[in-house]
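Notes for the one structure printed next.
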Amino acid sequence: MTSGMRKGLTSYGDAEFSLFLRKAFIKAMGLSDDALSRPVVGIANTFSDYNACHGNVPKLVEAIKRGVLLAGALPMEFPTISIHESFAHPTSMFLRNLMAMDTEEMIRAQPMDAVVLVGGCDKTIPAQMMACASAGVPTVIVPVGPMLVGHYQGEQLGACTDCRRLWGEHRGGRIDAQEIERINERLAPTPGTCMVMGTASTMACIVEIMGLALPRSATIPATHADRLRSAEASGQFAAAMAVNGGPKPSQLMTKASFRNAMVVLQAIGGSTNGLVHLAAAAGRVGLKIDLREFDQLGREVPVLVDLKPSGRHYMEHFHWAGGVPRLMRELGGLLELDAPTVTGATLREVMEAAEDVAGQDVIRPRSQPIYPSGSMAVLYGNLAPRGAVIKQSAASASLMTHTGRAVVFDSVEDMALRIDDPALDVNAGDVLVLRNAGPVGAPGMPEAGYLPIPRKLAVQGVKDMVRISDARMSGTAFGTVVLHITPEAAAGGPLALVRSGDLITLDVPARRIELLVDEAALQARRAALGAGATAGAAPAPDRGYAALFHRSVLQADEGCDFDFLVPGCDASP
Ligand code: FES
């Protein structure tokens with residue numbers, strides 16, 4: 001087994017010449033033979049001027065390099081794609097698999113005995129999990145860490161739960177244009193990821209509980225000195241892994257650790273997107289996330305972390321309350337504590353070392369949960385044969401069982417055009433339906449599932465309605481929103497058959513989502529519609545990544561990965 005600079009030589013038909021040439025070029029960087037004889041730790045740099053969440057990455061890379069050097073190995077920094085939520089058209093999810101492919105192939109193509117992946121903004125850590133699972137090189141993930149909270153008029157503000165809440169107030173005419181501009185400057189006051197329990201925070205907690213990142217590394221604020229010390233330590237552990245040849249990602253990404261991830265996802269009031277990303281990462285190691293098991297876990301695991309959007313606080317408060325290790329102590333027997341971590345310690349040892357903070361009220365005991373059952377429920381029914389998800393902890397209790405008249409939008413564009421039309425026939429008790437916003441139909445399954453309340457209802461003070469779609473929603477959003485309806489409309493799912501005026505029943509306690517139209521009528525509608533085609537679906541692209549995406553993307557319950565990247569996948573939608 002080759003290692004260091006001898007690894008993965010370029011093919012010229014003469015291995016010794018390949019090494020000779022490689023060393024000749026790398027010596028142009030001023031490296032000595034001593035340096036080039038050391039184990040190599042690659043460091044994926046995801047800094048980008050387009051990605052403010054990763055604004056601290058250069059400092060983190062410097063600290064990681066220091067750790068690698070202190071441990072006697074050679075750090076080699078390299079760039080990969082970086083994705084920011086607000087700077088990715090049509091949606092960041094469209095690019096997640098591209099980043100996963102880029103990261104995997106660069107790990108495989110370049111000589112490295114271990115790798116440190118610096119990620120944070122929503123899709124980056126999921127892409128890195130998928131990449132490292134497939135590349136098989138020992139990996140440490142370093143989350144960039146959350147932003148500090150913002151302040152406005154004595155109130156703490158967080159991106160982007162408060163972005164949405166306050167924009168809703170602006171749409172309803174209760175905050176004027178000048179004030180909303182002032183608020184705009186306060187919502188994201190530092191580099192780092194959104195400081196609520198959105199997708200970025202969720203995925204950071206998930207890689208920590210799965211042992212892919214250092215204890216406490218999910219929650220340390222992006223701007224704190226501890227974040228740099230954690231990065232330095234990550235470099236040191238990666239150097240040790242480079243020498244030892246492990247643990248490899250497949251040794252950490254096991255059935256037990258995915259189960260632990262599902263428990264934590266429920267207990268933190270995590271993002272619904274976390275479920276899609278977990279399914280994608282599991283698929284890369286030949287495992288499947290069982291949505292029924294996830295729902296069952298949710299009945300046993302209460303929401304214990306009091307963070308927005310389900311609760312009150314922000315990530316820095318979770319950190320100072322003890323972070324993920326302290327949460328583990330509350331979860332105790334619900335977790336498989338013999339699971340290993342990149343540090344060599346088991347989760348049990350991490351949990352036993354957790355800091356106890358007297359008087360903290362961010363991490364609740366199981367006897368006093370924020371929400372009595374898990375944050376998410378999985379729904380089935382004639383509208384969602386393969387499942388749909390609702391974040392019940394961030395929904396309105398009064399809408400958990402609701403029957404209403406459907407108001408259908410055929411696409412994201414159709415919704416944007418008509419939602420605020422004063423002539424739109426809509427009442428507060430209706431169910432807003434968005435279709436053709438799934439992995440294939442949109443494409444890329446945008447975060448459009450949080451449909452805005454129609455303006456004419458918003459000005460009357462309506463703050464929540466039942467909304468259903470085959471889209472995703474931001475982990476920072478809240479409301480009675482049913483997401484990820486699978487199969488999606490554009491893949492022939494029954495969502496394509498709904499007509500405005502039909503009745504839809506949502507019954508979260510019974511885990512049902514039903515279209516109250518009889519089967520014969522639905523079959524007639526399907527026949528009239530043709531084989532899976534719907535009016536609002538995006539046309540199939542004929543070139544480039546978009547064509548690859550359209551051809552290969554799997555449905556939400558399979559993580560929206562590409563069929564050809566999943567071992568043993570039969571590629572059926
Ligand atoms: Fe990057 Fe929220 S926009 S984490």
*Name the pairs whose Cβ atoms lie under 8 Å apart, with the first residue in the range 115-128 and more than 17 Å from residue 92 (Cα to Cα) and part of a strand (DSSP E or B), the second away from the ligand (no atom under 14 Å from the Cβ) and hydroxyl-bearing (Ser, Thr, Tyr), and 6 or more positions between them or separate chains?*
115/139; 116/139; 116/234; 117/103; 117/139
*Can you spot a residue in the range 452-471 that is surrounded by fewer than 24 Cβ atoms within 10 Å (Cβ to Cβ), under 20 Å from residue 83 (Cβ atoms) and within 29 Å of the chain's Cα centre (by Cα)?*
no
*Of all residues making up the range 131-172, the number that are within 13 Å of the ligand (Cβ to nearest atom) and outside any strand (DSSP E or B)*: 10
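Residue-by-condition table, conditions (1) within 20 Å of the chain's Cα centre (by Cα); (2) surrounded by fewer than 21 Cβ atoms within 10 Å (Cβ to Cβ); (3) in a helix (DSSP H, G or I):
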{"site": "295", "(1), (2), (3)": "yes, no, yes"}
{"site": "299", "(1), (2), (3)": "no, yes, yes"}
{"site": "318", "(1), (2), (3)": "yes, no, yes"}
{"site": "326", "(1), (2), (3)": "no, no, yes"}
{"site": "329", "(1), (2), (3)": "no, yes, yes"}
{"site": "336", "(1), (2), (3)": "no, yes, no"}
*Among the residues of the range 99-111, is any touching a residue at least 60 places away in the same chain (Cβ under 8 Å), within 15 Å of the ligand (Cβ to nearest atom) and not charged (D, E, K, R)?*
no
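In the range 184-277, which helices (runs of 4 or more DSSP H) lie fully inside it and hold 2 or more residues that are modelled with pLDDT of 95 or more and within 16 Å of the ligand (Cβ to nearest atom)?
Working: elements: 199-209, 225-244, 249-252, 255-267.
Helices (runs of 4 or more DSSP H) meeting the threshold: 199-209.
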*Residues being under 18 Å from residue 558 (Cβ atoms), away from the ligand (no atom under 16 Å from the Cβ) and of a type outside the set (Gly, Ala, Ser) - total across the range 455-489*: 7
*asked:* Anything in the range 413-440 that is β-branched (Val, Ile, Thr) and buried (at least 24 other Cβ atoms within 10 Å of the Cβ)? List them, or say none.
replied: 431, 433, 440
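This table checks each residue for (1) of a type in the set (S, T, N, Q); (2) without any contact (Cβ under 8 Å) to a residue 40 or more places away in the chain; (3) surrounded by 16 or more Cβ atoms within 10 Å (Cβ to Cβ).
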site: 497; (1), (2), (3): no, yes, yes
site: 502; (1), (2), (3): no, no, yes
site: 518; (1), (2), (3): no, yes, no
site: 543; (1), (2), (3): no, yes, no
site: 546; (1), (2), (3): no, no, yes
site: 551; (1), (2), (3): no, yes, no
site: 562; (1), (2), (3): no, no, yes
_Which of the numbered conditions does residue 53 fail, given that it passes all the others? Conditions: (1) assigned to a loop (DSSP other than H, G, I, E, B); (2) within 16 Å of the ligand (Cβ to nearest atom)._
(1)
_Where a residue in the range 23-37 is part of a loop (DSSP other than H, G, I, E, B) and its partner, wherever it lies, is surrounded by 10 or more Cβ atoms within 10 Å (Cβ to Cβ), with Cβ under 8 Å and at least six apart_ = 31/74; 37/4; 37/5
_Sole exception among (1) crowded, with 24+ Cβ neighbours inside 10 Å; (2) under 17 Å from residue 388 (Cβ atoms) for residue 492, by number_ = (1)
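Restricting the search to the range 1-22, which residues are outside any loop (DSSP other than H, G, I, E, B) and either closer than 20 Å to residue 241 by Cα or over 39 Å from the mean Cα position of the chain (by Cα) (or both)?
Narrowing the range 1-22 to residues outside any loop (DSSP other than H, G, I, E, B): 4-6, 15-22.
Hits for the range 1-22 are 4, 5, 6, 15, 16, 17, 18, 19, 20, 21.
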*Find the residue count for the range 68-85, including only residues that are in contact (Cβ under 8 Å) with a residue 40 or more places away in the chain, buried (at least 19 other Cβ atoms within 10 Å of the Cβ) and within 19 Å of residue 232 (Cβ to Cβ).*
5
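If you check residue 133 against the conditions, is it among the hydrophobic types (A, V, I, L, M, F, W, C), surrounded by 24 or more Cβ atoms within 10 Å (Cβ to Cβ), in contact (Cβ under 8 Å) with a residue 12 or more places away in the chain and farther than 18 Å from residue 235 by Cα? Spell out how you get there, then give the answer.
Numbers: among the hydrophobic types (A, V, I, L, M, F, W, C): yes; surrounded by 24 or more Cβ atoms within 10 Å (Cβ to Cβ): yes; in contact (Cβ under 8 Å) with a residue 12 or more places away in the chain: yes; farther than 18 Å from residue 235 by Cα: yes.
Taking the combined requirement at face value, the residue satisfies it.
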*Say whether the condition of being at pLDDT below 95, surrounded by fewer than 19 Cβ atoms within 10 Å (Cβ to Cβ) and outside any helix (DSSP H, G or I) is met by at least one residue in the range 86-96.*
yes
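The values are calculated or read from the model by the stated rules, or taken from the named source; none is laboratory data. The structure displayed is predicted, hence computed values, not measured ones. Backbone-built Cβ (ideal geometry, glycine too); neighbour counts: all protein chains shown.
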